[in-house]
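Since the structure comes first, as structure tokens, the remarks are kept for the end.
No value in this document is a laboratory result; all are computed from the given coordinates. Bear in mind that the values here come from a model prediction, so they are computed numbers and not experimental data.
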């Protein structure tokens, strides 16, 4: 429930994720998030924090594979 902040993040679905340019050792991504149901207002220049969540099943399989 709103308001959303660092202690109450909105879990948005990623709609698009693509590299804007290749080359060098830097990365610049274009990411689109679905916030349509959140009542969050976004204006040009606003920023967003992204806290990725790992799939527990994949993490467990990697742990078994690498014996950790």
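Observations on the structure shown:
- Given the alternatives (i) 88; (ii) 144; (iii) 169, volume of the Cα convex hull per residue in Å³ as computed for this entry is given by (iii).
- Percent RCO, i.e. relative contact order, over the chain, from Cα pairs under 8 Å lying at least 6 residues apart: 22 percent
- Extension gain from residue 58 to residue 39, taking 0.36 nm per residue of separation minus the Cα-Cα distance: 3.6 nm
- Fluctuation leader among 58, 50, 40 - the chain, Gaussian network, Cα springs under 10 angstrom: 58
- Segment residue 5-residue 67, extension gain: residue separation times 0.36 nm, minus the distance between their alpha carbons: 18.6 nm
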